[in-house]
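The values are calculated or read from the model by the stated rules, or taken from the named source; none is laboratory data. Since this is a predicted model, take the numbers as computed values, not measurements. For neighbour counting, all protein chains shown are included, and Cβ atoms are generated from backbone atoms with ideal geometry for every residue, glycine included.
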Amino acid sequence: MLKNAGVATPRLDAELIAQHVLGINAVAMLVDADMPVERERADRFFALLNRRLAGEPVSHILGRREFWGMDFIVNSDVLDPRPDTESVVSSAIKIYKNRNCRLTIADLGTGTGCILIALLSHYKHATGIAFERSVKACRIARQNFVQHSMLARVRLHCASWELCEGKFDLIVSNPPYIRRCKIPDLQREVRQHEPLQALDGGARGMEKYTQIFRVLRRCLNPSGKAILEIGEDQGAIRNEALRWNIGFCGYELDLAGRRRAYQRAAQLS
Ligand code: GLN
């Protein structure tokens with residue numbers, strides 16, 4: 001059914017929905033392949049499958065998505081965590097090798113909170129501050145901070161990152177960076193089900209980075225680093241950063257290994 005509807009991963013999606021309805025994980029589903037299923041659950045499975053057929057992302061149907069081996073609450077108010085963005089986390093881990101360091105981290109445009117939560121779960125003594133100007137997205141971020149027991153280590157500001165103050169060892173961001181003229185080319189699922197304001201990076205896709213550079217100039221510790229997700233064709237970020245007198249340390253490769261995504265995280269200091 002899903003395959004004929006042009007769903008890219010029909011089997012996986014159907015399995016995830018089945019696991020959700022049955023309340024079991026992938027292993028249990030393999031082991032218990034012949035388990036009897038009550039009528040109600042079967043009906044619920046087909047109801048959810050129909051939502052998938054109508055183009056709703058599987059993450060929104062399940063209400064969650066995995067990132068960095070952790071589960072995050074998602075809905076259409078936040079950008080879905082993507083595997084590409086894990087390279088922001090891995091990049092930080094390569095720079096700050098001591099897991100016990102007391103890093104101070106700022107996350108600009110936190111969305112689900114996934115980057116900051118992944119970092120705080122790695123660096124047990126780190127603390128963070130998160131900015132998110134969408135009130136609806138803030139609600140989801142807060143739920144995720146609670147779910148991952150991070151609320152005591154995070155200050156969540158429902159405000160523009162331009163209000164960021166203080167000094168940080170690490171500033172991370174996955175800002176909106178899609179060129180406005182490219183928005184219509186995004187997958188229908190993304191266009192219709194994810195918040196446009198988390199994607200739209202203005203005419204050149206660079207608008208938000210310029211704002212962020214201003215924050216970096218003000219809020220990065222002298223030895224601090226910034227790691228920003230960038231689009232596949234945004235290598236020019238290097239020159240832009242230099243114009244702001246911000247040093248450029250390198251790119252990180254995308255974990256997902258997709259061809260379009262060969263330089264996903266820019267490290268700046
Ligand atoms: N990676 C997202 C996409 O390609 C874009 C995310 C962003 O603008 N930060 O759909």
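Would you check which residues across the range 66-78 are within 19 Å of Leu22 (Cβ to Cβ) and either within 11 Å of the chain's Cα centre (by Cα) or surrounded by 19 or more Cβ atoms within 10 Å (Cβ to Cβ) (or both) and list them? Scanning the range 66-78 gives a single hit, Glu66. Taking the listed residues Ala106, Ala118, the one that is part of a helix (DSSP H, G or I), assigned by TED's automatic domain parsing to the domain that holds Arg218 and touching a residue at least 40 places away in the same chain (Cβ under 8 Å) is Ala118, with no other qualifying. From the set of residues in the range 201-237 that are within 16 Å of the ligand (Cβ to nearest atom) and assigned to a strand (DSSP E or B), which is farthest from Leu170 (Cα to Cα)? Checked the range 201-237; the qualifying residue farthest from Leu170 (Cα to Cα) is Glu229. For the range 152-162, does any single residue satisfy the condition of being in contact (Cβ under 8 Å) with a residue 60 or more places away in the chain, in contact with a helix residue (DSSP H, G or I) (Cβ under 6 Å, 6 or more places away or on another chain) and crowded, with 20+ Cβ neighbours inside 10 Å? So far as the range 152-162 goes, no, none of its residues is in contact (Cβ under 8 Å) with a residue 60 or more places away in the chain, in contact with a helix residue (DSSP H, G or I) (Cβ under 6 Å, 6 or more places away or on another chain) and crowded, with 20+ Cβ neighbours inside 10 Å.
Residues in the range 88-102 that are surrounded by fewer than 22 Cβ atoms within 10 Å (Cβ to Cβ) and touching a Leu at 6+ places or on another chain (Cβ under 7 Å): Ser90, Tyr96. Within the span defined as the range 57-76, every residue fails to be in the same structural domain as Leu170 (by TED's automatic domain parsing), free of Cβ contacts under 8 Å to residues at least 60 places away in the same chain, under 30 Å from Ser223 (Cα atoms) and touching a strand residue (DSSP E or B) at 6+ places or on another chain (Cβ under 6 Å). For the range 238-254, a residue qualifies if it is more than 13 Å from the ligand (Cβ to nearest atom), under 19 Å from Val89 (Cβ atoms) and out of contact with any Gly (no Cβ under 9 Å at 6 or more places or on another chain), and the qualifying residues are Cys249, Gly250, Glu252, Leu253.
The range 124-192 holds strands (runs of 3 or more DSSP E) entirely within its bounds, and those carrying 3 or more residues that are within 16 Å of the ligand (Cβ to nearest atom) and touching a strand residue (DSSP E or B) at 6+ places or on another chain (Cβ under 7 Å) map to 168-173. Being modelled with pLDDT of 90 or more, farther than 30 Å from Arg51 by Cβ and among the aromatic types (Phe, Trp, Tyr) is a condition met by no residue of the range 230-250.
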